Amino acid sequence: MMWNLSFISEEDFHSHVRDTIKKYGEKLESFDLKRFNKNLIDPIKLIFDKTVYQSTWEEIVSNEIFRQRDKSNNNDIGYFHQRIFQYISNCHVPPNGEEGGWDVIYKDDKGITLPDGNTVKTIYVEMKNKHNTMNSASAGKTFIKMQNQLLKDDDCACFLVEAIAQRSQNIKWETTVDKVKVGHKLIRRVSIDKFYSLVTGQDDAFYQMCMVLPEVIQKAVSDLGSSLVPHDTVIEELQTIAKEQNLKSNDMAIAMAVYMLGFGTYNGFVK
């Protein structure tokens, strides 16, 4: 493929995608019945879901395995969104918990012009995957952290950058702290496309990255090979247990095997 991204090299981008996939780590390991039920599934919900959605047991078990894997994947995608900036000029990604705990620090001694005309030399970034992931307490704590940074550095701005924002925006962030609505022109709420545009000088930089991403992920997955393909054995183990239930209906036998995952010590279920 012809490489069209001017703000990151092809080698660096491929490396970053591979590193992100590797972060999936243990979530790519195969699921057996013990791992499937590690945190105790809800058998009633599974049976409702299977019946209401007209799914097979194979489909509903596969969906539950996907749900369990997906719960912790957001951190890995957060890694992708944050760490890519280590390869972009004038951006710095501090080690976790260091340098004030900021996700990205963007510096330009020539000056960074904000939409309202203010110019600063440094932007400190708190990055979130999705606009609704912070409750009011978390938002208040983040705003106070940004206020404190402005007191330490009078030539900076602080950005809350959201990968999945409600809209494309770079606006004054207003939130509530101790039941009082607060805001500051140098504390801003920014969609990730606008942040890409600011640090690269290219309006559609995020769009251009998205356009090459699927092909690069596919190549990385192909290069990493069979190590990424899990062999889940949950449905086979449930079918083995079902055969021991001595019930005429195979569907009910598997339902009983599912019941035993959560209710095995309950009255009536104990053999």
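For the reader, a short list of remarks on this structure follows.
- Loop-located trypsin sites (Lys or Arg not before Pro) in the stretch 156-213 whose Cβ has at most 12 other Cβ within 10 Å (DSSP): R167, K179
- With Cα atoms, 0 to 90° folded angle of helix 250-263 axis to the chain main axis: 60
- V161, V221, ranked by accessible area, largest first (probe 1.4 Å): V221, V161
- Of K71/K172; K107/K145; K27/K141, those spanning more than 23 Å from alpha-carbon to alpha-carbon: K71/K172; K27/K141
- Where only DSSP H runs of four or more residues are counted, the chain gives -14500 deg cm²/dmol as its mean residue ellipticity at 222 nm, each run worth -39500 (n - 2.57).
- In terms of accessible area, using a 1.4 Å probe and ignoring ligands and nucleic acids, V93, V270 rank largest first as V270, V93.
- Reported value for the stretch 78-203: 107 Å³ per residue, from the convex hull of its C-alpha atoms.
- The local environment of L160, defined by Cβ-Cβ distances under 9 Å, has a net charge of +1 under the rule Lys, Arg +1 and Asp, Glu -1.
- Rolling a 1.4 Å probe over the protein heavy atoms of the stretch 115-182, with every protein chain left in place, gives an accessible area that is 46 percent carbon and sulfur.
- Taking the accessible area of the stretch 30-72, probe 1.4 Å, and keeping the other protein chains in place, the carbon and sulfur fraction comes to 55%.
- On a per residue basis, the chain carries 58 Å² of accessible surface, using protein heavy atoms and a 1.4 Å probe.
- Annotation note: GluC sites (Glu not before Pro) in the stretch 83-165 located in DSSP loop regions with a Cβ neighbour count of at most 11 within 10 Å are E98.
- The three principal axes of the C-alpha atoms in the chain carry coordinate ranges of 77, 53, 32 Å, sorted with the longest axis first.
The values are calculated or read from the model by the stated rules, or taken from the named source; none is laboratory data. The structure presented is a predicted model; accordingly, all values stated were derived computationally and were not measured. No Cβ is skipped: glycine too gets one built from the backbone with ideal geometry, and neighbour counts run over all protein chains shown. We work out accessible area using only protein heavy atoms, side chains counted, and drop any ligands, DNA or RNA first. Shrake-Rupley method; radii C 1.70, N 1.55, O 1.52, S 1.80 Å.
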